[in-house]
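One structure is given below, encoded as structure tokens.
The values are calculated or read from the model by the stated rules, or taken from the named source; none is laboratory data. Source: prediction; values computed, not measured. Note: ideal-geometry Cβ built from the backbone for every residue, glycine included; neighbour counts use all protein chains shown.
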Amino acid sequence: MSHHQAETPLRDAKLKPATLALFPALLLAVVMAISAAQAQEMTVLYNFGNAGYQPWQGINMDSHGRIYGTTLYGGDESCDAGGPAGCGVVFRFANNGSGWVYTPLYYFTTQYSSFPMDPGVPTVAPNGSVFDVTFLGGEYDSNGMIFSLRPSPTRPVSVISLWNFNSVYQFTGMDDGGNPTPQSPLVFDAEGNFYGTAGGGGTSNYGVVYKFTPSGNSWAEDVLYNFTGFSDGAYPNGIVFDSAGNMYGTTGGGGGASGCGTIFELSPTQSGWTETTLYAFRYGIDGCATSPLYRDAAGNLYGITNEGGPDNNGGTVWELSPANGSWTFNVLHAFSYETVAFGGAYPPVLDSLGNLWGTISAGGANQTGELFKLTQSNGSWTFTDVVDFAPRGGGAPGCYAVGSPQLDSSGNLYGVSQMCGDFDGGTIWKYTP
């Protein structure tokens, strides 16, 4: 991004002492304004090429500021998935103090699939392993799987030393679920168990919420809830926890006559988990086919819908807030054109100042996505289109942004674009507010 600062020369004139006394404060204000403008910058940190091509479901960041993600293509060029060479990559992107280093952790092969497997957003387990899902692929009619990666216990023999792959679970698409949610990372608890959702399978074939518990050298699945496709919704999109152990999540369908999905709560009881539908979407009023959700420290829930809403059905940014034992729903912003091009919608994130940041895959000035900010003041929210991504076929900062932005400890935002960049394979970008 470029910023142009208008020049205002001081003219040679006789000024009163009182006026001259204002100059230090005015000068400081001008310097601060220039510094603030210059600080707002979009930077491309990495251009994807053969070592990973077309990041697919956004990124995740660990407590050390290291970035993890996946690509749909690239990697092992001997693997042909019907598109560009390679079946996809799991990667890490880390700052070693002198710069950013891109490291492939694993190259997908055709062992489990002969076509792109739609890998998800990775998460780092408490023991340092990387866990992730694939929406497709697997041993059972492409119902997806869960896998983990660990570095080799022996010293690497080359600069690129891929991590060891372990198949954690292969979904069958039956009662255990099928096609695990790729746009929402798995969630670990303090005991080392992890939780997630699958959009298919289950007793009614509308998806499940599952838990995996370590059992010796393997993992045991427990289906916590089966969606029925009625008032509880269908096709769940991942979960988050509160401090009391309750889960919250969204569904992409079901929930009423509109079939636009729900926001739900699962509460633990002695006899199992109790589902409560907190809200059902109604298309033109509030949106349809919502993203996974983001939960802030006060318990407010946020998300983005793919379509619907009061402004030309272009989708919405929404908030669901707890209030006196009930919940209040608000549309914070309505988009006026399509918000999704590839992958799906992703929840916004809240910074330390209370601003919401998010991306959409289409829309913006070039219809290839935008980075946006919502700022709250006096009970209302103001929408700002912060960065428009490049036109299709353009270069920096890439086009078709995907995933939730990730915030580091300094308030900088990171994300990926699926295409464009130097090699038309997408980018990793950083935005400094």
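Select, from 44, 31, the only residue that is of a type outside the set (Asp, Glu) and either buried (at least 18 other Cβ atoms within 10 Å of the Cβ) or modelled with pLDDT of 90 or more (or both).
Answer to the check: 44.
Among the residues of the stretch 241-265, count how many are in contact with a strand residue (DSSP E or B) (Cβ under 9 Å, 6 or more places away or on another chain) and under 18 Å from residue 325 (Cβ atoms).
Number of matching residues: 7.
Condition first: part of a loop (DSSP other than H, G, I, E, B), surrounded by fewer than 24 Cβ atoms within 10 Å (Cβ to Cβ), at negative phi and more than 21 Å from the chain's Cα centre (by Cα). Now tell me which residues in the stretch 168-220 satisfy that.
172, 174, 175, 176, 190, 191, 193, 203, 204, 206, 217
If you go through the stretch 276-318 one residue at a time, how many are buried (at least 22 other Cβ atoms within 10 Å of the Cβ) and among the charged types (D, E, K, R)?
Selection size over the stretch 276-318: 1.
Can you name the residue in the stretch 55-97 that is of a type in the set (S, T, N, Q), surrounded by fewer than 24 Cβ atoms within 10 Å (Cβ to Cβ) and within 23 Å of residue 184 (Cβ to Cβ) and is also nearest to the chain's Cα centre (by Cα) among such residues?
60
Just one of (1) part of a strand (DSSP E or B); (2) closer than 30 Å to residue 277 by Cα; (3) more than 14 Å from the chain's Cα centre (by Cα) trips up residue 337, so point out which.
That leaves (1) as the condition not met.
Pairs needed: first member in the stretch 125-139, acidic (Asp, Glu); second member anywhere, part of a loop (DSSP other than H, G, I, E, B); C-beta distance under 7 Å; at least 6 residues apart or different chains.
132/120; 132/122; 139/112
With the checklist (1) part of a strand (DSSP E or B); (2) farther than 20 Å from residue 217 by Cβ in hand, flag the one item residue 149 doesn't pass.
Going through the list (1) part of a strand (DSSP E or B); (2) farther than 20 Å from residue 217 by Cβ, residue 149 breaks only (2).
Would the stretch 380-394 turn up any residue that is closer than 15 Å to residue 336 by Cα, touching a Leu at 6+ places or on another chain (Cβ under 9 Å) and surrounded by 18 or more Cβ atoms within 10 Å (Cβ to Cβ)?
No, every residue in the stretch 380-394 fails to be closer than 15 Å to residue 336 by Cα, touching a Leu at 6+ places or on another chain (Cβ under 9 Å) and surrounded by 18 or more Cβ atoms within 10 Å (Cβ to Cβ).
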